[in-house]
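Here's the structure, in structure tokens; my notes come after.
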Amino acid sequence: MQKFHVVTNDAKDKELAVTKMLEQYFISHGRKCTRNISCMDKEDVPEDTDCVIVIGGDGTLIQAAGAVADKGIPLLGVNLGTLGYLAEVEKSQIIPALHCLLKDEYRIEKRMMLKGRIFSNNEFIFQGNAWNDIVITRGGSLRIIHYSIYVNNQLLNTYSADGVIISTPTGSTGYSLSAGGPIVDPRAKLIVITPICPHTLNGRSIILSPEDEIQVEVKKDEKMDRGSVEAIFDGNRKAFLTDGSKVFIGMSNQEVKMIKLSKESFVEVLRRKLSD
């Protein structure tokens, strides 16, 4: 690898100490390095970049992944956050990790993404990809949401709940986990449906094949107004739903490439994270 791009959450990297250390390291080893602070669009990353290094927490890594997935550039996460399920490198291991990158001692792990399309009054209004999850939830109102879920055009169930999380295996350790969903090996290809606080005694998560198409239909409610229900993609892109809106979700043809340096298995990493 010769050309690197560093994306930094400056709220986590005070005074850009870690960012500057990485820049100096790459320059001293004859490599090129550009950087982006706080937020990033795909236009900010040079086309010939070999690797994007993300400094911060899982949220910063998810944002960066959404920006570069269509470019096919692999990412390496440096965790300056708390739990950090997604980031590969802890702060104390940065220099050894950089040595591995320059010696090409790593492997690429491919992670699936979701694609969501939203229709309101039978008109297309929004489309986006998500690496972590697509969440349909109330937008500030305390009213519950009534919605039906269809799988491949067949009715699965109708819920009254605070919302629903449709997640990838990578996203299984995020909001879905907090809502009672299962932990899934991030290398798997499947889709997890987890209702949020359902008003029922049977509100378990459901796991589907990546080839399935999920349709979430918001049921008509006379008290529902614009902004009371939202579809949120990876926590930072949203679209407002109205009664009768339909959200179609399936596996995206894009994927995220993660750089893996550790030889720890998923089970070993999980055991360590759960004991932190």
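The values are calculated or read from the model by the stated rules, or taken from the named source; none is laboratory data. Predicted model, so just to flag it, every value in this text is computed and none were measured. Don't worry about glycine lacking a Cβ; one is built from the backbone with ideal geometry, like all the others, and counts go over all protein chains shown. To get the accessible areas, we keep the full protein, side chains included, count just its heavy atoms, and leave off ligands, DNA and RNA. Shrake-Rupley method; radii C 1.70, N 1.55, O 1.52, S 1.80 Å.
Go through segment 119-182 and tell me which strands (runs of 3 or more DSSP E), entirely inside it, have 1 or more residues that are more than 29 Å from Leu75 (Cα to Cα) and touching a Leu at 6+ places or on another chain (Cβ under 6 Å).
It comes to 145-151.
Mind listing whichever residues of segment 246-260 are among the β-branched types (Val, Ile, Thr) and over 17 Å from the mean Cα position of the chain (by Cα)?
Within segment 246-260, just Val247 meets the criteria.
Looking at segment 203-227 only, could you name the residues that are among the acidic types (Asp, Glu), at pLDDT below 90 and either open to solvent by less than 50 Å² (accessible area, probe 1.4 Å) or touching a Leu at 6+ places or on another chain (Cβ under 8 Å) (or both)?
Asp221
For segment 43-57, indicate whether the set of residues that are closer than 23 Å to Glu109 by Cβ, touching an Asp or Glu at 6+ places or on another chain (Cβ under 9 Å) and open to solvent by 10 Å² or more (accessible area, probe 1.4 Å) is non-empty.
No, the conditions are met nowhere in segment 43-57.
Please specify each residue of segment 236-276 satisfying the condition of being outside any strand (DSSP E or B) and crowded, with 16+ Cβ neighbours inside 10 Å.
If the condition is that a residue be outside any strand (DSSP E or B) and crowded, with 16+ Cβ neighbours inside 10 Å, then Thr242, Asp243, Ser245, Leu261 are the ones that fit.
Could you list all residues from segment 86-134 that are of a type in the set (Ser, Thr, Tyr) and either open to solvent by less than 80 Å² (accessible area, probe 1.4 Å) or at positive phi (or both)?
Tyr106, Ser120
Do we have Ile27 as surrounded by 15 or more Cβ atoms within 10 Å (Cβ to Cβ) and at pLDDT 85 or above here?
no
If Pro74 satisfies all but one of (1) more than 17 Å from Asn132 (Cα to Cα); (2) surrounded by 14 or more Cβ atoms within 10 Å (Cβ to Cβ); (3) at pLDDT 90 or above, what's the number of the condition it fails?
Single failed check for Pro74: (1).
If Leu22 satisfies every condition in (1) open to solvent by less than 40 Å² (accessible area, probe 1.4 Å); (2) free of Cβ contacts under 8 Å to residues at least 40 places away in the same chain; (3) not acidic (Asp, Glu) but one, which is the exception?
(2)
In segment 65-119, what residues are within 21 Å of Asn236 (Cβ to Cβ) and of a type in the set (Ser, Thr, Tyr)?
Thr82, Tyr85
Answer yes if at least one residue in segment 42-51 is within 18 Å of Lys257 (Cα to Cα), modelled with pLDDT under 95 and touching a Leu at 6+ places or on another chain (Cβ under 7 Å), and no otherwise.
Yes, the conditions are met somewhere in segment 42-51.
Right, Val192: under 23 Å from Leu75 (Cα atoms), hydrophobic (A, V, I, L, M, F, W, C) and within 15 Å of the chain's Cα centre (by Cα) or not?
no
Being touching an Asp or Glu at 6+ places or on another chain (Cβ under 7 Å) and free of Cβ contacts under 8 Å to residues at least 40 places away in the same chain is the filter here, so list the residues in segment 85-104 that pass it.
Scanning segment 85-104 gives a single hit, Ala87.
Determine which single condition Thr173 fails, assuming it passes every other condition in (1) under 30 Å from Ile108 (Cα atoms); (2) modelled with pLDDT of 90 or more; (3) surrounded by 15 or more Cβ atoms within 10 Å (Cβ to Cβ).
(2)
Restricting to segment 184-202, and then to whatever is under 17 Å from Asp162 (Cα atoms) and outside any strand (DSSP E or B), can you tell me which residue is least open to solvent (accessible area, probe 1.4 Å)?
If we take residues in segment 184-202 being under 17 Å from Asp162 (Cα atoms) and outside any strand (DSSP E or B), then Pro198 is least open to solvent (accessible area, probe 1.4 Å).
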